[in-house]
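The structure appears below as structure tokens.
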Amino acid sequence: MTDRYRVYTKVKKMLKQMMKLDHQGQVVTLAMMISGIVMSRNAQLSVMSSEIPTETKEKSIEMRMRRWVKDELDVEAVYMPFARQILEALSHLPLVLVMDGSQAGRGCMVLMVGVLYQKRALPIAWLVYKGKKGHATAEQHIQALEKVLHLLPEGSEVILLGDAEYDTTEMIAWVEKNTAWQYVLRTSPQIYVQAGQRNQPIRDYPLEKGKVFHLHQVGFTKTAEIVLNVISWWANRYEEPIFLVTNIHNAYQACRYYRRRFRIETFFSDQKSRGFHIHKSHLADPVRLSRLLIAACLAYIWMIAQGLQVMAANNASLIDRTERIDKSLFRLGMDWLKYALKNNLYFEPFFHFPPLTSIVNVR
């Protein structure tokens with residue numbers, strides 16, 4: 001039995017147990033795509049198809065995958081059960097959501113919303129559009145958040161993080177009107193705030209290196225349509241200060257949350273240069289690329305869950321340093337699969353997130 005066959009048959013069996021699509025052929029094709037991405041570490045359909053252990057010609061398998069991404073599959077309906085399970089598994093903690101965008105395919109951007117766990121972001125919902133970094137509209141930001149809103153467990157504490165692309169009055173107003181979320185968003189030093197009789201750019205307020213300056217309940221932008229808290233934060237390790245808008249009253253707590261924003265970048269690097277190279281996909285249609293992301297995100301969840309299993313079983317020393325753990329959860333998962341195949345060890349694909357809260361010191 002080849003490594004390809006072991007992986008593909010296990011993935012197919014697990015998906016058939018977990019999913020109900022219009023017909024089982026769709027599940028089988030998704031299993032092919034996930035197996036192809038993991039085994040080839042590449043999200044190009046032509047490369048993925050070469051890793052599928054069937055008697056069918058590779059070109060025929062590639063065309064089958066192309067039909068799958070062209071099909072009228074509802075991305076949210078297919079991925080929603082997996083996203084909801086992740087959120088439920090983590091709902092005993094504050095759910096820290098992060099928004100960010102990254103290039104993928106040909107001329108497309110992926111606007112991703114992930115939930116943070118340890119030092120990784122787990123994909124929850126996404127929006128794919130034609131364009132470049134920073135060119136998404138407030139309407140698109142809201143569309144992405146609306147996808148998440150109905151997945152959250154009732155009563156969850158939610159904190160939303162984002163960089164300066166997401167500080168629009170339209171999106172902030174939507175969050176305040178439709179949710180009870182807290183938020184910490186980076187903003188531009190040129191943005192005006194109105195405090196008392198003063199209406200001036202944030203950068204004009206006094207700030208010393210190593211200090212945090214906090215303006216409580218001030219008008220945001222020249223129009224002052226929204227009232228919020230503004231933070232000027234110049235940490236000693238930063239060359240320049242950063243400026244945040246938030247509805248959290250404790251400035252230091254808001255800064256601590258914002259420090260975690262960059263962790264969604266590890267998701268993109270795992271999907272790209274360190275993992276599946278989805279940025280090299282030749283798909284140029286946003287809808288088709290969005291469907292490809294179903295397979296890529298499920299493959300990612302599997303690798304993260306596998307990494308957690310490695311930690312729980314104290315097996316990290318078999319594929320990492322013996323005195324400490326240097327590898328990320330994603331890398332542990334990828335390397336353990338390779339190790340298990342090489343040594344004929346038992347493994348199972350996981351497409352759900354285990355709440356292993358006892359695991360510590362993972363990267």
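The values are calculated or read from the model by the stated rules, or taken from the named source; none is laboratory data. It should be emphasised that the depicted structure is a prediction, and the values quoted were computed from it without experimental measurement. Methodologically, a virtual Cβ is constructed for each residue, glycine included, from the backbone with ideal geometry; neighbour enumeration extends over all protein chains shown. Calculation scope for accessible area: heavy atoms of the full protein, side chains included, ligands and nucleic acids excluded. Shrake-Rupley method; radii C 1.70, N 1.55, O 1.52, S 1.80 Å.
Data table
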quantity	calculated
Residue within the stretch 132-141 that is surrounded by fewer than 16 Cβ atoms within 10 Å (Cβ to Cβ) and basic (Lys, Arg) present	yes
Selected residue [under 25 Å from residue 305 (Cα atoms), over 23 Å from the mean Cα position of the chain (by Cα) and open to solvent by 10 Å² or more (accessible area, probe 1.4 Å)] from 17, 44	17
Filtered residues of the stretch 211-240 (kept if more than 16 Å from residue 250 (Cβ to Cβ) and open to solvent by 40 Å² or more (accessible area, probe 1.4 Å))	222, 223, 225, 227, 234, 236, 237, 238, 239, 240
Hits in the stretch 1-32 - residues which are among the polar types (S, T, N, Q) and over 15 Å from residue 69 (Cβ atoms)	2, 9, 17, 24
Selected residue (criterion: most open to solvent (accessible area, probe 1.4 Å)) from residues of the stretch 142-161 that are of a type in the set (Asp, Glu) and without any contact (Cβ under 8 Å) to a residue 40 or more places away in the chain	154
Residue 195 vs. criteria in contact (Cβ under 8 Å) with a residue 12 or more places away in the chain, of a type outside the set (Asp, Glu) and open to solvent by less than 40 Å² (accessible area, probe 1.4 Å)	yes
Filter result for residue 265 (within 18 Å of the chain's Cα centre (by Cα), of a type in the set (D, E, K, R) and open to solvent by 10 Å² or more (accessible area, probe 1.4 Å))	yes
Members of the stretch 59-71 found to be over 21 Å from residue 286 (Cα atoms) and surrounded by fewer than 19 Cβ atoms within 10 Å (Cβ to Cβ), listed by number	59, 60
Unmet criterion (only one of (1) open to solvent by less than 40 Å² (accessible area, probe 1.4 Å); (2) more than 18 Å from residue 275 (Cα to Cα); (3) within 23 Å of the chain's Cα centre (by Cα)) for residue 74	(1)
Evaluation of residue 110 against (1) among the β-branched types (Val, Ile, Thr); (2) touching a strand residue (DSSP E or B) at 6+ places or on another chain (Cβ under 7 Å); (3) surrounded by fewer than 17 Cβ atoms within 10 Å (Cβ to Cβ); (4) over 28 Å from residue 253 (Cβ atoms) (one fails), failing number	(3)
Boolean, residue 55 is more than 12 Å from the chain's Cα centre (by Cα), over 21 Å from residue 334 (Cα atoms), open to solvent by less than 40 Å² (accessible area, probe 1.4 Å) and without any contact (Cβ under 8 Å) to a residue 24 or more places away in the chain	no
Contacts under 8 angstrom Cβ, first residue in the stretch 263-278 being without any contact (Cβ under 8 Å) to a residue 12 or more places away in the chain and under 13 Å from residue 331 (Cβ atoms), partner open to solvent by less than 10 Å² (accessible area, probe 1.4 Å) and part of a loop (DSSP other than H, G, I, E, B), 6 or more apart	269/275
Considering residues of the stretch 162-185 that are over 20 Å from residue 221 (Cα atoms) and out of contact with any strand residue (DSSP E or B) (no Cβ under 6 Å at 6 or more places or on another chain) only, the residue least open to solvent (accessible area, probe 1.4 Å)	179
Options 305, 313; residue that is open to solvent by 10 Å² or more (accessible area, probe 1.4 Å) and on the phi < 0 side of the Ramachandran plot	313
Close pairs from the stretch 201-215: first farther than 7 Å from residue 234 by Cα and in a helix (DSSP H, G or I), partner open to solvent by 60 Å² or more (accessible area, probe 1.4 Å) and not hydroxyl-bearing (Ser, Thr, Tyr), Cβ under 8 Å, at least 6 apart	202/190; 203/190
Every residue from the stretch 125-141 that is among the β-branched types (Val, Ile, Thr) and in a strand (DSSP E or B)	128
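Results for (1) polar (S, T, N, Q); (2) buried (at least 22 other Cβ atoms within 10 Å of the Cβ); (3) not in a helix (DSSP H, G or I), shown as yes or no for each residue.
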residue	(1), (2), (3)
88	no, no, no
92	no, no, yes
96	no, yes, yes
99	no, yes, yes
115	no, yes, yes
123	no, yes, yes
